[in-house]
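The values are calculated or read from the model by the stated rules, or taken from the named source; none is laboratory data. Predicted model, so just to flag it, every value in this text is computed and none were measured. Reconstructed Cβ throughout: ideal geometry from the backbone, glycine too, with neighbour counts over all protein chains shown.
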Amino acid sequence: MLVRSNLKKELADVSGIVLRTAQMPNEVIDACPNLQIIARHGVGYDNVDLSYLNKKKIALGVTGTANAVSVAEHVMTFFLQLTKNIHLSDELTRKGKFQEKGNLPSFFELYQKNVLILGFGRIGQAVAKRCLGFEMNVYVYDPYVSKDTIEKMGCHSISIEDSLKLADFVSVHLPLNDETKNFINAKSFQEMKDSCVIVNTARGGIINEQDLYQALKDKKLRAAGLDVYEQEPPPSDHPLFDLSNVLLTPHNAALTLECRMRMAVEVCETVSFYLKNKEKLNLQNIINRKELGI
């Protein structure tokens with residue numbers, strides 16, 4: 001309560017707020033009568049109440065062009081590590097067991113494998129571009145993106161029902177909302193190949209973690225890579241921590257040095273341009289532009 005009280009006092013006169021990972025309570029927003037825009041240092045915005053901002057006619061900005069490359073490279077790193085297990089080869093070589101390489105577990109190519117991208121915004125498209133570079137077959141599920149847009153990028157539009165059955169890799173790039181909560185669950189895993197690798201760099205909660213744990217434990221999936229979790233930070237006794245076929249990172253896919261610099265500049269520009277120079281404003285970075293009539 002003391003933090004909120006201090007925020008109300010310190011932010012009372014501001015016109016714009018840059019928001020990173022902290023929650024922005026509605027009561028703090030109410031204490032800012034001059035507030036015109038909140039801009040997120042990133043692309044997710046589940047730490048602010050969008051419907052309340054719409055009601056108050058306050059803009060919500062994101063750094064939509066800054067982090068696609070960084071997150072896409074993180075996805076490809078997951079794909080490569082989870083299929084190559086490079087660390088095992090490194091360990092064997094360091095231990096002087098060079099001639100025992102035949103004892104290493106099988107590893108696999110990305111070439112000509114089927115990858116399913118769930119969500120085809122900037123990040124999903126950046127992942128698709130890199131997967132095409134590996135000569136993968138790229139399938140996209142996104143009911144809000146036209147088939148023509150998907151096919152122009154050399155990808156295939158597909159239904160969720162058909163896609164899960166053929167996917168060798170799945171990369172999640174959906175927003176977290178009522179429609180996507182537990183979007184990937186036990187039923188989904190039953191439809192996937194046992195050899196499938198699934199990666200989530202979007203938001204925790206889109207994949208049901210308990211169902212994922214059970215699928216990985218029962219070898220119903222080859223592997224998973226998670227950068228995001230239902231609870232962040234995840235509890236120290238999280239069951240996924242006990243599995244060797246899951247790779248975990250601390251929600252840092254977009255935190256390369258280059259990306260942090262781009263986001264810092266873009267979020268400040270979004271606030272500044274919205275308040276003083278809308279001609280320079282990238283309207284695509286304003287999430288609720290339609291509700292605001294801009």
Residue in segment 81-98 that is free of Cβ contacts under 8 Å to residues at least 24 places away in the same chain, over 22 Å from Ala202 (Cα atoms) and either outside the structural domain of Asn200 (by TED's automatic domain parsing) or touching a Ser or Thr at 6+ places or on another chain (Cβ under 8 Å) (or both) present: no
Selection within segment 113-154 - closer than 21 Å to Thr83 by Cα and among the hydroxyl-bearing types (Ser, Thr, Tyr): Tyr139
Considering residues of segment 179-225 that are touching a Phe, Trp or Tyr at 6+ places or on another chain (Cβ under 8 Å) and of a type in the set (D, E, K, R) only, the residue nearest to Ala253 (Cα to Cα): Glu209
Subset of segment 210-223 that is basic (Lys, Arg) and outside any helix (DSSP H, G or I) - its residue that is nearest to Asn182 (Cα to Cα): Lys220
Checking Gly119 against (1) farther than 14 Å from Val199 by Cα; (2) modelled with pLDDT of 95 or more, the condition it does not meet: (1)
Hits in segment 254-294 (condition: among the small types (Gly, Ala, Ser) and modelled with pLDDT under 95): Ala254, Gly293
Candidate set: segment 236-249, residues that are part of a loop (DSSP other than H, G, I, E, B) and in contact with a Phe, Trp or Tyr (Cβ under 9 Å, 6 or more places away or on another chain); chosen: the one nearest to Val71 (Cα to Cα): Thr249
Yes/no for Lys56 being surrounded by 13 or more Cβ atoms within 10 Å (Cβ to Cβ), among the basic types (Lys, Arg) and outside the structural domain of Ala264 (by TED's automatic domain parsing): no
Qualifying residue in segment 224-234 (condition: touching an Asp or Glu at 6+ places or on another chain (Cβ under 8 Å), over 18 Å from Gly16 (Cα atoms), in a loop (DSSP other than H, G, I, E, B) and not charged (D, E, K, R)): yes
Condition met for Ile207 (under 16 Å from the mean Cα position of the chain (by Cα), of a type in the set (A, V, I, L, M, F, W, C) and buried (at least 19 other Cβ atoms within 10 Å of the Cβ)): yes
Residue, surrounded by the most Cβ atoms within 10 Å (Cβ to Cβ), within segment 131-179, restricted to residues that are over 21 Å from Gly44 (Cβ atoms) and among the small types (Gly, Ala, Ser): Ala167
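Only one residue in Asn182, Asn200, Asn252, Asn277 is surrounded by 17 or more Cβ atoms within 10 Å (Cβ to Cβ) and of a type in the set (S, T, N, Q), so which one is that?
Result of the check over Asn182, Asn200, Asn252, Asn277: Asn200.
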Selection count, segment 252-280, where residues are outside any helix (DSSP H, G or I) and within 15 Å of Val18 (Cβ to Cβ): 0
Hits in segment 1-49 - residues which are of a type in the set (A, V, I, L, M, F, W, C) and farther than 22 Å from Ser272 by Cβ: Met1, Leu2, Val3, Ala31
From Ala22, Ala72, residue being free of Cβ contacts under 8 Å to residues at least 60 places away in the same chain and surrounded by 21 or more Cβ atoms within 10 Å (Cβ to Cβ): Ala72
Some residue of segment 146-169 being touching a Gly at 6+ places or on another chain (Cβ under 8 Å), of a type in the set (Val, Ile, Thr) and at pLDDT 95 or above: no
Residue within segment 210-225 that is outside the structural domain of Val48 (by TED's automatic domain parsing), touching a Cys at 6+ places or on another chain (Cβ under 7 Å) and touching a residue at least 24 places away in the same chain (Cβ under 8 Å) present: yes
Failed item in (1) farther than 27 Å from Leu255 by Cβ; (2) charged (D, E, K, R); (3) surrounded by 13 or more Cβ atoms within 10 Å (Cβ to Cβ), with Asp46 passing the rest: (1)
